[in-house]
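The values are calculated or read from the model by the stated rules, or taken from the named source; none is laboratory data. Model, not experiment: these values are computed from the prediction. Counting neighbours? That spans all protein chains shown, and the Cβs are built from the backbone with ideal geometry, glycine included. Keep in mind that these areas ignore ligands, DNA and RNA; they rest on the heavy atoms of the full protein, side chains included. Shrake-Rupley method; radii C 1.70, N 1.55, O 1.52, S 1.80 Å.
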Amino acid sequence: PFRHESELPNAYDFRTTSIAREPIIIVRGADNEVRAFLNVCPHRGMMIERRPSGSFLEGQPSGNPKRMTCMFHAWQFDMKGNCVYVAREQEGYQDRLCKENVGLRRLRCEVKFGGFVWVNLDDSPKVSLEEWAGPAFECLRETLDAEPLEVFHYHKAIVNTNYKLWHDTNSEFYHDFMHYHNRVTGFNDAYFARKNEAFDNGHVVVGTFTVNYENYEGFESRAELSFPHLPPNQWYMIDLFPGFNFNLRGSALRCDTVTPLGPNQVLIEFRGLGLKRDTPEERMTRINHHNSIWGPFGRNLHED
């Protein structure tokens, strides 16, 4: 999941990213559908959109409203990837080119598992997204699909280590002894009774337990803002190999996306999510809960 649908809330919103060094653009069309394309003009291979995010609703200096426009030769594309304008098409190409045949390269794209946007460069994958991730997601599927979610926090870090170590750290309990907050709030019989459940494709699910926040000075129960169908103050974690992590601690969901930058360097993007229907007061509480544990200056994340 390289993005969440709430990061493209309106028609003509877009986000850019990369997968395996291929530039990708994700857009929400006028029909509200989220689609993904190679962010490359089929004419001369120019990257079409260089901004990390924005909207095509208003025109840019190099293009018209509601169009993705390549600044090199002003070819224009709609939100479905169709080429709708080629500059001097008849004069330059006569009958040798038809704009209907030169659209953007569309990629497999699904919005699934709590509204996350999943993109696959393989047109014919050997297994579907459901088959690849579904069994590992069963413990949180009902909770994350109950109602729309919304991203409220984002930060990223580059860590000088191999990308697999992030997945490995999330999948073992030994390092929890480094977390003073965890020792105070979580170490009880239920905590030590947890089990790692392994699935095909390298996925791991860490079992739930009740976190005793009141044991830690300055913290309070998160029961009032628990996610739907989640018992109060519970904690679940799903690691999808090779680089996705879903960490739900009572009132806030954290999702990590891991991108290898080299053998010994990895980019980790952290997103915090709450319910879209949150009141301003509820949202602020969720943000405080999330960042006190998982923000850049939180109790746990820097130790991880």
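Points to keep in mind about this one:
- Cβ-Cβ FRET estimate between L267 and R108, R0 fixed at 22 Å, reported to 0.05: 0.45
- Residues of segment 94-114 with an amide N closer than 13 Å to a point placed 7 Å from the Cα of L129 along the Cα-to-Cβ direction: 107-114.
- M46-A190 FRET efficiency (beta carbon distance; Förster radius 45 Å; 0.05 resolution): 0.20
- For the chain, the longest principal axis of the C-alpha atoms and the axis of helix 280-294 are separated by about 70°.
- Computed over the alpha-carbon atoms, segment 57-148 gives an Rg to Rh ratio of 1.17, Rh here being the Kirkwood radius from the mean inverse distance.
- For a label point 7 Å along the Cα-to-beta-carbon line of D122, residues of segment 234-257 with backbone N under 15 Å: 241-243
- Once the chain from H73 to E197 is taken as fully extended at 0.36 nm per residue, the excess over their C-alpha distance is 39.3 nm.
- The chain: most fluctuating residue of R105, R51, R15 per GNM, C-alpha cutoff 10 Å: R51
- Computed about its Cα centre, the charge dipole of the chain is approximately 1020 debye, with only Lys, Arg, Asp and Glu carrying charge at their Cβ.
- Given (1) 145; (2) 229; (3) 267, the label whose value is volume of the Cα convex hull per residue in Å³ derived from this model: (1)
- With pairing defined as another cysteine C-beta under 4.7 Å, the cysteines of the chain that fail it are C83, C98, C109, C139, C255.
- Under a Gaussian network description of the chain, with springs only between Cα atoms under 10 Å, the residue in L261, L248, L140 that fluctuates furthest is L261.
- Length added when fully stretched, A30-D95, from 0.36 nm per residue minus Cα-Cα: 20.3 nm
- Most to least accessible of M178, M47, M284, M79 (protein chains only, probe 1.4 Å): M178, M284, M47, M79
- Rolling a 1.4 Å probe over the heavy atoms of the protein chains gives the chain an accessible area of 50 Å² per residue.
- Rg and Dmax, both from the Cα atoms of segment 9-102 and both in Å, are 13.1, 41.
- Residue among F192, P260, G63 farthest towards the positive dipole end of the chain, charges placed on Cβ: G63
- Estimated at the nearest 10 Å², the accessible area of Y154 is 100 Å² with a 1.4 Å probe.
- Within segment 201-304: Cβ-based charge dipole about Cα centre, in debye rounded to nearest 20 (Lys, Arg +1; Asp, Glu -1): 280
- When the chain is treated as a GNM with alpha-carbon contacts under 10 Å, the residue of Y12, Y93, Y216 showing the greatest mean-square fluctuation is Y93.
- Each principal axis of the Cα cloud of segment 128-239 was taken in turn, and the coordinate range along them, longest first, works out to 45, 37, 32 Å.
- Percent carbon-and-sulfur accessible area, segment 23-159, ignoring ligands, DNA and RNA, probe 1.4 Å: 49
- Dipole size of segment 56-146 about its Cα centre, with +1 on Lys/Arg Cβ and -1 on Asp/Glu Cβ: approximately 340 debye, rounded to the nearest 20.
- Signed unit charges on C-beta, dipole axis of segment 171-304, positive-most listed residue M284, F270, F244: M284
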